[in-house]
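Novice: Please find one structure pasted underneath; my questions will follow.
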Amino acid sequence: MIRADGRHSVSVAGVILDDHGRVLLTQRADNGQWQAPGGVLEIAEGITDGLRREVREETGLSVEPITLTGVYKNMTRGIIALVFRCKVTGGSLMVNDEVQAFHWATPDEVPRMVTEAFAVRVLDALQEGAPAIREHDGTHLL
């Protein structure tokens, strides 16, 4: 499923931590999969502005990015994802057309709930140090 135009798209995701070390997962309404909130940047949109917009649209929360924790490429679809650890600055969780449920997951729950390619993003965000750089096929790491 490589893009017909041969170009990449860029997505962003926010790994939001609570005071107990749990991470916020969203359950997508379209396919039921659990992921960190995020989505594709618009062409004229800045990276952190897009991150804030996507998280707000999917969760109802306002966030501030703390640090870039990983760069991931879906080799099958040509999508580059930038993942940030974030803190909540306002708002409240609300389901919507894109998200049907929320779960504050412990690090041990993440690999059981989330496909490998998306679980690693969340788990990488819990680590200190340089951002991770990884490739995947949409489901599994390569």
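Novice: With the structure loaded, tell me whether Gly50 is assigned to a loop (DSSP other than H, G, I, E, B) and open to solvent by less than 30 Å² (accessible area, probe 1.4 Å) or whether it fails that test. Break it down stepwise before answering.
Specialist: Numbers: assigned to a loop (DSSP other than H, G, I, E, B): no; open to solvent by less than 30 Å² (accessible area, probe 1.4 Å): yes.
Considered against the rule, which asks whether it is assigned to a loop (DSSP other than H, G, I, E, B) and open to solvent by less than 30 Å² (accessible area, probe 1.4 Å), Gly50 comes out as no.
Novice: Among the residues in the range 54-73, are any at pLDDT below 95 and open to solvent by 40 Å² or more (accessible area, probe 1.4 Å)? Spell out the reasoning first.
Specialist: The first filter runs over the range 54-73 and keeps only residues at pLDDT below 95, leaving none.
No - not one qualifying residue is present in the range 54-73.
Novice: Taking the condition of being part of a loop (DSSP other than H, G, I, E, B) and touching a residue at least 40 places away in the same chain (Cβ under 8 Å), how many residues in the range 78-92 meet it?
Specialist: Quick first cut of the range 78-92, residues part of a loop (DSSP other than H, G, I, E, B) only: 78, 92.
Filter once more, keeping what is touching a residue at least 40 places away in the same chain (Cβ under 8 Å): 78.
Final tally of qualifying residues: 1.
Novice: With respect to Glu128, determine if the residue is of a type in the set (Asp, Glu) and surrounded by fewer than 16 Cβ atoms within 10 Å (Cβ to Cβ).
Specialist: Working: of a type in the set (Asp, Glu): yes; surrounded by fewer than 16 Cβ atoms within 10 Å (Cβ to Cβ): yes.
In short, yes.
Novice: Of the conditions (1) out of contact with any Gly (no Cβ under 8 Å at 6 or more places or on another chain); (2) modelled with pLDDT under 95; (3) of a type in the set (Val, Ile, Thr), Thr76 clears all except one; give me its number.
Specialist: Condition not satisfied by Thr76: (1).
Novice: Here are some conditions: (1) open to solvent by 50 Å² or more (accessible area, probe 1.4 Å); (2) farther than 19 Å from Ile66 by Cβ; (3) outside any loop (DSSP other than H, G, I, E, B); (4) in contact (Cβ under 8 Å) with a residue 60 or more places away in the chain. Trp104 meets all but one. Which one does it not meet?
Specialist: Unmet for Trp104, out of (1) open to solvent by 50 Å² or more (accessible area, probe 1.4 Å); (2) farther than 19 Å from Ile66 by Cβ; (3) outside any loop (DSSP other than H, G, I, E, B); (4) in contact (Cβ under 8 Å) with a residue 60 or more places away in the chain: (2).
Novice: Shifting gears a bit: Look through the range 36-47, keep the residues that are over 22 Å from Thr115 (Cβ atoms) and either assigned to a strand (DSSP E or B) or β-branched (Val, Ile, Thr) (or both), and return whichever of them is most open to solvent (accessible area, probe 1.4 Å).
Specialist: By that ranking, first place goes to Ile43.
Novice: Could we say that Gln33 is within 13 Å of the chain's Cα centre (by Cα), loosely packed, with under 15 Cβ neighbours inside 10 Å and of a type outside the set (Phe, Trp, Tyr) here? Steps first, please.
Specialist: Numbers: within 13 Å of the chain's Cα centre (by Cα): yes; loosely packed, with under 15 Cβ neighbours inside 10 Å: yes; of a type outside the set (Phe, Trp, Tyr): yes.
Taking the combined requirement at face value, the residue satisfies it.
Novice: Something else: Which one of these does Leu141 not meet: (1) on the phi < 0 side of the Ramachandran plot; (2) surrounded by 13 or more Cβ atoms within 10 Å (Cβ to Cβ); (3) touching a strand residue (DSSP E or B) at 6+ places or on another chain (Cβ under 8 Å)?
Specialist: Only one criterion is unmet by Leu141, namely (2).
Novice: So which residues in the range 59-77 are of a type outside the set (Gly, Ala, Ser), farther than 14 Å from Val23 by Cβ and outside any loop (DSSP other than H, G, I, E, B)? Let's see the steps before the verdict.
Specialist: Keep residues of the range 59-77 that are of a type outside the set (Gly, Ala, Ser), which gives 59, 61, 63-69, 71-77.
Going one step further and asking which of them are farther than 14 Å from Val23 by Cβ, we end up with 64-65, 67-68, 71-77.
Within the range 59-77, Glu64, Pro65, Thr67, Leu68, Val71, Tyr72, Lys73, Asn74 qualify.
Novice: A further question on this structure: Of everything in the range 107-125, what is more than 15 Å from Leu17 (Cβ to Cβ) and touching a residue at least 60 places away in the same chain (Cβ under 8 Å)? Give them in sequence order.
Specialist: Met113, Val114, Thr115, Phe118
Novice: Just for the range 13-30: of the residues that are aliphatic (A, V, I, L, M) and open to solvent by 30 Å² or more (accessible area, probe 1.4 Å), which one is nearest to Ser92 (Cα to Cα)? Even if it seems obvious, please write down each step before you answer.
Specialist: Restricting attention to the range 13-30, the residues satisfying the condition of being aliphatic (A, V, I, L, M) are 13, 15-17, 23-25, 29.
Among the residues that remain, those that are also open to solvent by 30 Å² or more (accessible area, probe 1.4 Å) are: 17, 29.
Values: Leu17: 14, Ala29: 19 Å.
Among them, the one singled out is Leu17.
The values are calculated or read from the model by the stated rules, or taken from the named source; none is laboratory data. Values in this document were obtained by computation on a predicted structure and should not be read as measured data. Cβ: placed from backbone, ideal geometry, glycine included. Neighbour counts: every protein chain shown. We work out accessible area using only protein heavy atoms, side chains counted, and drop any ligands, DNA or RNA first. Shrake-Rupley method; radii C 1.70, N 1.55, O 1.52, S 1.80 Å.
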